[in-house]
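Undergrad: Handing you this structure, nothing more for now.
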Amino acid sequence: MNNERKAYRAHILAVPYPSQGHVNPMLQFCKRLVSKGTRATFVITNFISKSFNPKSDTVSIDNISDGCDEGGFTQAIDVADYLKRMEIAGTKTLEELIKTYQKSDHPIDCIVYDAFLPWVLEVAKKYDIKGACFFTQACSVNYVYYYVHHGLLTLPVSTPPPVEIPGLPPLDLSDMPSFIYVHGSYPAYFELVLNQFSNVEKADFVLVNTFYKLEEKVVDSMTKVCPLLTIGPTIPSFYLDKRLENDNKYDIDLFHSDPSTSIINWLNTKPPQSVVYVAFGSMDNLPKSQMEEISWGLKSANFHFLWVVRDSDREKKLPKDFIQESREKGLFVHWSRQLEVLSNKAVGCFFSHGGWNSTTEALSMGVPMVIMPQWTDQTTDAKLVQDVWCMGVRVRPDRDSIVRREEIEGCIREVMEGEKGKELKNNATKWRDLAKAAVSEGGTSDINIDTFISQLP
Ligand code: UDP
């Protein structure tokens, strides 16, 4: 072992699932690890490297192939094809990468890998390297999948709901992750989320992007079945404990942002808590009829709003002339720097799909939510936001699965006005303080990260 090898605590290789909602949480976690004296290398795909050339001040970046070097996910036929290609090309190129590092001055001591990629653990074990499975989504959601994977909950759910799972609130079918109650929907994704548990018993660590107080009971339940450590929320330090220098943004944007100065300038002209921020994550694909209802709901609620709408949706899905006619009240952008927006004091409510990152970002900034879940874990996140954390409301669709304008207007008013609005805001602020405490020195996530590092070779 040479001197340089001794200069850091351990070398961690991090392998994320290459999508917007998965890359940043793991990269943020790496930044924390580096701030505590480890070395970290973050592995992106050749396609992401070539197209976006991400950089980080403190974390090294390296590449593997996902078998789709020219177009990333869009090069594959579907998700099943993408996962297959990634496993084949990823295994080969990850092994090459490991061999290169093992011969260098910086051999790998541990591989942190996204739970969506269980094959990475097999590669780690082949080279006798420790493996840490990283769950990007809520612990509650993971535990539901754990139950299904182990046959503790059989599908389709036959006993009348609510479903009882230790540590979770009683769940109606529509509170479960959508793959469970919309029978046969997205089979490849369903397999993907269940496969997270296919070999997890071989992992040396299970890391979850949540914090103890947020999901206390389910964390206690799941800790009984695996070596679980809560390490989140993985929001840049600037927005929480401010201990990491220059950690004030996500480093990987797989979409091109509108100039953030013009968004922030616009927000700065608005009174505190007067703006509804509307954004449905990176994969949003709402039907035209739903986009129209949102438009009319926003119009009749009559608050200022900032709405992230892709170019392709503007012409095709918004009511004719809506953007023009909303000039006084609305700002439409293609993609925002969401953290900057949510931390702006003008924002009073986040109208969201309830993706896990969006949800943890809102609660880390103390912003109450209106959630319109679409699929996957968003339905369960919405349940937690409304009934457990009491920091938002969930819209209800009608019989045709469309959320009508009156419902949207009513939910926005509930969050933006009156006593209920104040209560939701107070609760959101409480969660913000608890999120800060978790990652601050001596907080639960901070201690867990130390524990993780202390157990590395
Ligand atoms: N995001 C952003 N700008 C936008 C919309 C989304 O920066 O205009 C970011 C957001 O901050 C979050 C991620 O994209 O980190 C979306 O992740 P989430 O889990 O909420 O949803 P998904 O994209 O996985 O559906």
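The values are calculated or read from the model by the stated rules, or taken from the named source; none is laboratory data. A quick note: this is a predicted structure, and the numbers were derived from the prediction, not measured. In this analysis, Cβ positions are derived from the backbone assuming ideal geometry, glycine residues included, and neighbour counts consider all displayed protein chains. Side chains are part of the model used for accessible areas, which takes the heavy atoms of the whole protein and leaves out ligands, DNA and RNA. Shrake-Rupley method; radii C 1.70, N 1.55, O 1.52, S 1.80 Å.
Undergrad: At 1.4 Å probe size, what's the solvent-accessible area of THR45? Round to the nearest 10 Å².
TA: For THR45, solvent-accessible area is about 10 Å².
Undergrad: How large is ³J(HN,Hα) for each residue in segment 60-70, as worked out from phi by the Karplus curve 6.51 cos²θ - 1.76 cosθ + 1.60 (θ = phi - 60°), to whole Hz, x for Gly and Pro?
TA: 6, 10, 9, 10, 10, 9, 9, x, 9, 5, 7
Undergrad: Then there is this: Could you state the per residue volume, in Å³, of the convex hull enclosing the Cα atoms of segment 219-261?
TA: Spelled out: Cα convex hull of segment 219-261, divided by residues, is 142 Å³.
Undergrad: Evaluate the relative contact order of segment 199-296 (contact order divided by residue number), counting alpha-carbon pairs under 8 angstrom at least 6 apart; express in whole percent.
TA: For segment 199-296, the relative contact order is 17 percent.
Undergrad: Just the number, please: carbon plus sulfur as a percent of the accessible area of the chain, 1.4 Å probe, no ligands or DNA/RNA counted.
TA: On the chain, the fraction of accessible area on carbon and sulfur atoms equals 51 percent.
Undergrad: Run the numbers on segment 89-220 and let me know its relative contact order in percent, using alpha-carbon pairs under 8 Å that are six or more apart.
TA: Dividing the mean separation by the residue count of segment 89-220 yields 31 percent.
Undergrad: Now a separate question. When the helix-only estimate is applied to the chain (DSSP H runs of n ≥ 4, each -39,500 (n - 2.57), divided by the residue count), what is the mean residue ellipticity at 222 nm, nearest 500 deg cm²/dmol?
TA: Computed ellipticity for the chain at 222 nm equals -12500 deg cm²/dmol.
Undergrad: What percentages, rounded to whole numbers, describe P(r) for segment 309-364 computed over all alpha carbon pairs with 5 Å bin width beginning at zero?
TA: All Cα pairs, binned at 5 Å, distribute as 4, 15, 22, 23, 18, 14, 4, 0 percent.
Undergrad: Near LYS425, which aspartates and glutamates are there with a Cα under 19 Å away, not counting those fewer than 8 places off in the same chain?
TA: GLU340, GLU361, ASP381, ASP387, GLU409, GLU414, GLU417, ASP433
Undergrad: Would you mind classifying segment 76-136 by shape? Square roots of the alpha carbon gyration tensor eigenvalues, ordered a ≥ b ≥ c; an a/c under 1.5 is rounded, otherwise it is prolate if a/b is larger than b/c and oblate if not.
TA: Note, shape of segment 76-136 comes out oblate.
Undergrad: Rolling a 1.4 Å sphere over the protein heavy atoms, what is the accessible area per residue of the chain, to the nearest Å²?
TA: So the chain comes to 42 Å² accessible per residue, rounded to a whole number.
Undergrad: When all alpha-carbon pairs of segment 322-419 are counted, what percent fall beyond 21 Å?
TA: Cα-Cα pairs in segment 322-419 separated by more than 21 Å: 36 percent.
Undergrad: Here is a follow-up. What is the pair-distance distribution P(r) of segment 292-341, computed from all Cα-Cα distances in 10 Å bins starting at 0, with each bin given as a whole percent?
TA: Reading upward from the zero bin: 24, 58, 17, 0.
Undergrad: Treating cross-link reach as a plain straight distance, find the aspartates and glutamates whose alpha-carbon is under 13 Å from the alpha-carbon of LYS99, omitting any fewer than eight places away in the same chain.
TA: LYS99 reaches ASP109, ASP128.
Undergrad: May I pose another question? Run the reach check for LYS420 against lysines, Cα to Cα strictly under 20 Å, same-chain hits fewer than 8 apart removed. What comes back?
TA: Excluding near neighbours in sequence, the set is LYS345, LYS383, LYS430.
Undergrad: Mean shadow of segment 44-88, computed from the convex hull of its alpha carbons, in nm²?
TA: Mean orientational projected area (segment 44-88, Cα hull): 3.2 nm².
Undergrad: Computed on alpha carbon atoms, what radius of gyration and Dmax characterise the chain, expressed in Å?
TA: 21.7, 68
Undergrad: Now for a separate question. With charges set only on the Cβ (+1 for Lys and Arg, -1 for Asp and Glu), what does the dipole of the chain come to about its Cα centre, in debye to the nearest 20?
TA: 700
Undergrad: Going by average Cβ density within 10 Å per residue, which order do the peptides 376-384, 308-316, 150-158 take, highest to lowest?
TA: Ranked from most to least packed, the peptides come out as 376-384, 308-316, 150-158.
Undergrad: While we're here: Please list HIS183, HIS304 from largest to smallest accessible area, probe radius 1.4 Å, with all protein chains kept in place.
TA: Ranked list, largest accessible area first: HIS183, HIS304.
Undergrad: Compute and list, largest first, the equivalent-ellipsoid semi-axes of segment 276-387 from the alpha carbon gyration tensor, each √(5λ) rounded to a whole angstrom.
TA: So the three semi-axes of segment 276-387 are 22, 16, 12 Å.
Undergrad: Same structure, new question: Shape call for segment 27-141 from the C-alpha gyration tensor, a ≥ b ≥ c root eigenvalues: rounded (a/c under 1.5), prolate (a/b greater than b/c) or oblate?
TA: Verdict is rounded for segment 27-141.
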